[in-house]
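One structure below.
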Amino acid sequence: MGFVSVRVLIVVLTLVVLASWGELVGGLGANWGTQASHPLPPETVVRLMKENGIQKVKLFDADYGALRALSKSGIEVMVGIPNDMLATLASSMKAAEKWVSKNISAHMSNNNVNIRYVAVGNEPFLSTYNGTFLRTTFPALRNIQSALIKAGLSNRVKVTCPQNADVYESSSTLPSGGDFRADIHDYMIQIVKFLNDNGAPFTVNIYPFISLYIDPNFPADYAFFDGNSSPINDGGTNYYNMFDANHDTLVWALQKNGFGNMPIIVGEIGWPTDGDRNANLEYAQRFNQGFMSHISGGKGTPMRPGPVEVYLFSLIDEDEKSVDPGNFERHWGIFTYDGLPKYALNLGTTNAGALVRARNVQYLERKWCIMKPGAKLDDAQVAPSVSYACALGDCTSLGYQTSCGNLDAVGNISYAFNSYYQKNNQLDKACKFPDGLSVVTKVDPTVGTCRFGIMIQPYYGAAERRIKKGWGGLILFLLLIILC
């Protein structure tokens, strides 16, 4: 075969592969969270998504900057309503109409934002919430739907209510035993019926990582898609991975309650890269690439063959997310805080076959805050200084089998100091810990897999609360110095 013929064959095969990925989901989606001290400018993030072939995005709130940047992008948008707004929207139709007018109608009509869904709440029935949102979720959902109808948007914009996979369970440990949790069964049926009646999908967040995190006896291979695990047989159907089994448990739950044909969106799925021994680059690449390959070609799951609509979790790391569930919460991104790809990942959405980094990212000066050479480890101010720096910085990469788990004592202290220093925009006083413990250096202290970051330039278009929060921390730090 001639050289030209080989090139033609390669191009044809590439197009076939990309076509099969496109069939997969009608466009790949990603979650874009904004709980970061120094978020990338929204325009940078939108360009990042477009250059990586991401065609859908799920937002956790109606962030004005994000929605404005999505104007005329062609990216399909799911706008989120946080749980703390449910009570207000549930009790006031006027509040729901105002929210829809400001956050949906205005952006669609004035800015040409392609809004397709409104996500009312985020995992509101999560068992750890102890029923906090049980009585407000459905009324809020109903009011938002009514507001969309009044605005003439209900045919273009559908409501949904993203739920954690813990809203259903199996009486037999097999998918076919699936049903909604007994304690919330009536609430779930009320919501599912309403969604179904309005032609809206069921959105579920599925996390095999969490199963591995909470259960040391969970078979690790079953979380992945390599086919290395022992299959679970359910009436002649073999399940070789947790995603298929979990997804089809939901299918059985819907079918059992009379909603067997209801569309399902996988609202969140992914794997973190740090903050736990099972959260690392190798496992994240193995899971996300395995997942993309597994659902390519539109083959779906045993109970739901066909294309899967999915939103990867998540696009970019967020250094201000709550770590109550675990330190891994700040490390779900396929990109770092500054838009760098973390590992090789072929989303099947571009000819490049690899992630494309964010362009034109502006950094602060190349300097770091570290423990001063000669400072004593037994200084009485070391422990409170590190505790303070970690409380207002981000030390979730420190710990057993994390990316910075091999640092010595000085390295750990330096990492904490630098995190606080960078988060406070490298202000001089942010590297003046008590007793002269710290010093600014221009020599990169990065060691192996432990990256000592340099913060990106602050984005002043972001919510003022982020800037104020940083200054508030600095004020507290100065008080600490004075009192000591």
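Values computed for the structure shown
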| read-out | value |
| --- | --- |
| Any hit, segment 358-370, residues being within 20 Å of Arg330 (Cα to Cα), in a loop (DSSP other than H, G, I, E, B), in contact (Cβ under 8 Å) with a residue 24 or more places away in the chain and in contact with a Gly (Cβ under 7 Å, 6 or more places away or on another chain) | yes |
| Any pair with Cβ under 6 angstrom, 6 or more apart, that starts in segment 54-74 at a residue that is more than 14 Å from Ala30 (Cα to Cα) and ends at one that is aliphatic (A, V, I, L, M) and open to solvent by less than 20 Å² (accessible area, probe 1.4 Å) | Ala62/Val79; Leu67/Val113; Ala69/Val46; Ser71/Val113; Ser73/Val46 |
| Elements of type helices (runs of 4 or more DSSP H) contained in segment 51-111, each with 1 or more residues being over 17 Å from Tyr311 (Cα atoms), modelled with pLDDT under 95 and open to solvent by 20 Å² or more (accessible area, probe 1.4 Å) | 106-110 |
| Segment 337-356 - residue that is more than 20 Å from Gly29 (Cβ to Cβ) and touching a strand residue (DSSP E or B) at 6+ places or on another chain (Cβ under 8 Å) and, of those, surrounded by the fewest Cβ atoms within 10 Å (Cβ to Cβ) | Asp338 |
| Single unsatisfied condition, Leu250 versus (1) over 14 Å from the mean Cα position of the chain (by Cα); (2) under 21 Å from Ala119 (Cβ atoms); (3) open to solvent by 30 Å² or more (accessible area, probe 1.4 Å) | (3) |
| Some residue of segment 89-112 being more than 30 Å from Ile232 (Cβ to Cβ) and of a type in the set (Val, Ile, Thr) | yes |
| Subset of segment 210-247 that is open to solvent by 60 Å² or more (accessible area, probe 1.4 Å) and assigned to a helix (DSSP H, G or I) - its residue that is nearest to Gln401 (Cα to Cα) | Tyr213 |
| Output for segment 389-416, where each listed residue is polar (S, T, N, Q) and open to solvent by 30 Å² or more (accessible area, probe 1.4 Å) | Gln401, Ser403, Asn406, Asn412 |
| Number of the exception - Arg116 against (1) farther than 17 Å from Leu59 by Cβ; (2) open to solvent by 50 Å² or more (accessible area, probe 1.4 Å) | (1) |
| Top-ranked residue of segment 119-143 - restricted to ones that are without any contact (Cβ under 8 Å) to a residue 60 or more places away in the chain and assigned to a loop (DSSP other than H, G, I, E, B), ranked as surrounded by the fewest Cβ atoms within 10 Å (Cβ to Cβ) | Asn130 |
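Residue-wise test of (1) of a type in the set (Ser, Thr, Tyr); (2) without any contact (Cβ under 8 Å) to a residue 60 or more places away in the chain; (3) surrounded by 15 or more Cβ atoms within 10 Å (Cβ to Cβ).
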| site | (1), (2), (3) |
| --- | --- |
| Gln145 | no, yes, yes |
| Gly152 | no, yes, no |
| Pro162 | no, no, yes |
| Gly178 | no, no, yes |
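The values are calculated or read from the model by the stated rules, or taken from the named source; none is laboratory data. Model, not experiment: these values are computed from the prediction. Quick reminder, even Gly has a Cβ in these numbers, built from the backbone with ideal geometry, and neighbours come from all protein chains shown. Protein only, heavy atoms only, side chains kept; ligands, DNA and RNA dropped before computing areas. Shrake-Rupley method; radii C 1.70, N 1.55, O 1.52, S 1.80 Å.
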